[in-house]
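Here is the structure we will look at.
The values are calculated or read from the model by the stated rules, or taken from the named source; none is laboratory data. Remember, it's a predicted structure, so these values are computed and weren't measured experimentally. Neighbour counts are summed over all protein chains in view; Cβ atoms, including those assigned to glycine, are modelled from backbone coordinates with ideal geometry.
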Amino acid sequence: MGKVKDGWQYFAEHANDIPKAREMMNGWNRIVQFSLDGEDPFYLEFSGEVIILHDGTHGEPDLTLKGTNEVFYKLMTGKLDRMKAILLRQISFHGSVKDAVRFADIGDEVSRSVKFPP
């Protein structure tokens with residue numbers, strides 16, 4: 001695994017145990033694809049109140065995130081602000097803004113409850 005994928009696996013495992021995160025995921029059945037330079041593709045499946053990480057590329061993701069693994073690692077560790085990364089075009093996404101915001105909100109909730117890196 002790559003370090004970003006490892007981090008999202010860690011987040012997914014813990015998000016499934018955080019009541020507020022589970023509440024935010026309830027009814028949000030989406031696929032979030034990561035297409036990162038320097039890392040093999042993977043995606044997160046949000047189904048019901050659970051996140052599952054999968055290897056590979058999904059055929060029809062709802063949201064695709066693109067950038068380098070280094071930039072995404074800095075986002076995960078809080079060393080880079082998400083809005084700054086978007087404005088500087090260090091990351092991009094394809095899909096609805098509403099889904100991108102919901103995904104970010106779930107990530108923020110997990111970050112408040114879980115120390116990263118582990």
| Which ones in segment 13-56 are of a type in the set (D, E, K, R) and within 20 Å of residue 94 (Cα to Cα)? | 30, 37, 39, 40, 45, 55
| said: As an exercise: evaluate residue 106 against (1) touching a Phe, Trp or Tyr at 6+ places or on another chain (Cβ under 6 Å); (2) of a type outside the set (Lys, Arg); (3) surrounded by 14 or more Cβ atoms within 10 Å (Cβ to Cβ) and give the number of the one condition it does not meet. | reply: (1)
| field | Residue identified as at pLDDT 95 or above and more than 17 Å from residue 114 (Cβ to Cβ) among 2, 27, 38, 95 | value | 95
| Tally, over segment 83-99, of residues that are of a type outside the set (A, V, I, L, M), at negative phi and surrounded by 14 or more Cβ atoms within 10 Å (Cβ to Cβ) | 3
| message | Report every pair of residues separated by at least 6 positions or lying on different chains whose Cβ atoms are under 6 Å apart, first residue within segment 13-33 and free of Cβ contacts under 8 Å to residues at least 40 places away in the same chain, second of a type in the set (Ser, Thr, Tyr). | response | 29/47; 31/43; 33/43; 33/64
| said: One residue is enough: does segment 62-69 have a residue meeting the conditions surrounded by fewer than 13 Cβ atoms within 10 Å (Cβ to Cβ), small (Gly, Ala, Ser) and under 23 Å from residue 6 (Cβ atoms)? | reply: no
| segment 11-53, subset among the β-branched types (Val, Ile, Thr) and surrounded by fewer than 19 Cβ atoms within 10 Å (Cβ to Cβ), residue farthest from the chain's Cα centre (by Cα) | 18
